[in-house]
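Data first, discussion second: the structure below is written as C-alpha cells.
Just so it is clear, none of the values below were taken in a lab; they were calculated from the coordinates. Quantities reported herein were computed from a predicted structural model and do not represent experimental measurements. Quick reminder, even Gly has a Cβ in these numbers, built from the backbone with ideal geometry, and neighbours come from all protein chains shown.
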Amino acid sequence: MKNKIIFLVIILIQLSISGIFAQDVTTVEALSKDISDNLDLEAVASIFGESEDLEDFERKLNDPDIQICNLDLNEDGEVDYLRVLETAEKNTHLITIQAVIGKDLYQDVATIDVEKDNSGETKVQVVGDVYLYGNDYIIEPVYIHRPVFFVYFWDAGYNLWYSPYYYNYYPTYYNPWRPYPIHRYQRFVHNYVNRDNRYNYAKSRRSKTSVVLHENLRRNDYEKRNPEKSFVKRTKGITNRFKLEETRKINGARDSKEMREFTGKKVRKDWTPNSSSLKEMDKIPRIDKKAKNDNNQIREKQIRKNREIQKNDTPARDRNKSQVRPSTRRPEIKNNEVQRNSNPERTPKQNRVEQSNSRNSERTKKTDRN
C-alpha cells in the first residue's frame, strides 16, 4: 500500500512540474515569435508600389525567387499561396489578400485601401487582418515614385482583377517552398523593403467605403477553425502587432541594460535572455560601481597630467643650442693598443701627445720593414 501511495505522489509531482514548464514555454512563445512574423506588411506595401498591375502584384507575392510570404496556416509543410481580389466603388479600390488553405477554404491576411481624395491625391493604407495582426495595425506607405497602375484605376474601361487561382490550381511559375525559421525569414525579407519610401503607422482607417466593401469579400475559414489562435489570445494585453514590436524592443533594451549592469560588457541588441541565462545572471557578482568610478578618476587625472607634460615639452628640432645640455659621456676608444698606452695618472693632454707619438712610431716601423 505504501509503495502505491509513493508511486502516485511521484506521478503527481512530475505532472505538476511538466505543467509549470509547459506554461513557461507558452509565455516565451508568445513574446519570441508570432504568426504575424511570417508576412512582413512593409514588404507587401513596397512590392505593391513597384508592381505594374494587380496581376503582377499577385505574381510577386508568390514568386519563389523573392519568397515574400512565409505563412503556412494549413500546416502542410509548404508556404500558402496568396490570391488577390479587387472590388471598387467610385473613388475607392479595395484589394484583398487571402491565403489559400484548402478546397474552398481561405483566410484574409491583409487588405489595401486605395482612395482618391477631393484634391485628386491618391492615399494608400495596408491594413493587417484583425485575427493575424490585431486591431488597427495599419501601414500608410508614402511612395517616392507614384505606382504606375494608379493612373488606370480611375479609367472608365478599367477591368477589376479577381484571381482565377484556387487550391491545387496555381499559375505555372508558382513552385511552393518550405517555410523558413522565423529568425531567418525576418533577416532576408527586409531586403525587399524599399527604404526610399516612408512607412507610417496610422491609428485609424481612412476609408469607410473600404470597410463596407470588405464585408462582401472577407473570408476567415482558418479563424473559425482556430478561434483560440487569434492575436488577442496569443498575446494577452497587447492590442496589435505594432505594440508587440514595441514590447519586444523595450524588453530587449531592459534585458541588455540589466545584463550590462551585472557584467559590465556590451550585449547584442537582438539578445534576449532565456530562463537558464537569467539563473546564470544571479550567480554573477555585481561590479563595485564606487571602486570602478575611483579607478576611472585616477586614470583620467593621469591622462590629463601626461597631456600637460606633452603640451609643455618643446620638440627637439625647435630647441636652441643653449637649451641642449652637453653630453657627459666619454667617447668610446676603439683602438685597444692606444687604450692600453693611456695612463689615467696623466692629464688628458699628455695622454693625447703620447698616443700620437705611439701611432707615429708604429708607422715608421712599418715603413722600415717595407
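In loop segments of the stretch 31-74 as defined by DSSP, the GluC sites (Glu not before Pro) with at most 13 further C-beta atoms inside 10 Å of their C-beta are Glu52.
Mind listing which trypsin sites (Lys or Arg not before Pro) in the stretch 33-76 are in a DSSP loop and have 15 or fewer other Cβ atoms within 10 Å? List each step's numbers first, then the result.
Numbers: sites: Lys33, Arg59, Lys60; in loops: Lys33.
For trypsin sites (Lys or Arg not before Pro) across the stretch 33-76 that sit outside H, G, I, E and B with at most 15 neighbouring Cβ atoms in 10 Å, the list reads Lys33.
Put simply, when 126-135, 161-170 are sorted by average Cβ atoms within 10 angstrom per residue, most first, you get 126-135, 161-170. A cut-off under 14 angstrom between Cβ atoms defines the neighbours of Arg241, and their net charge, with Lys, Arg +1 and Asp, Glu -1, is -2. Given the stretch 180-223, report the % of alpha carbon pairs whose separation exceeds 13 Å. Here the long-distance tail beyond 13 Å is 75 percent of all Cα pairs in the stretch 180-223.
Across the cross-link table entries Lys203/Lys236; Lys90/Lys123; Lys103/Lys208; Lys116/Lys229; Lys229/Lys249, which are compared at the Cα atoms, the separations over 26 Å belong to Lys103/Lys208; Lys116/Lys229.
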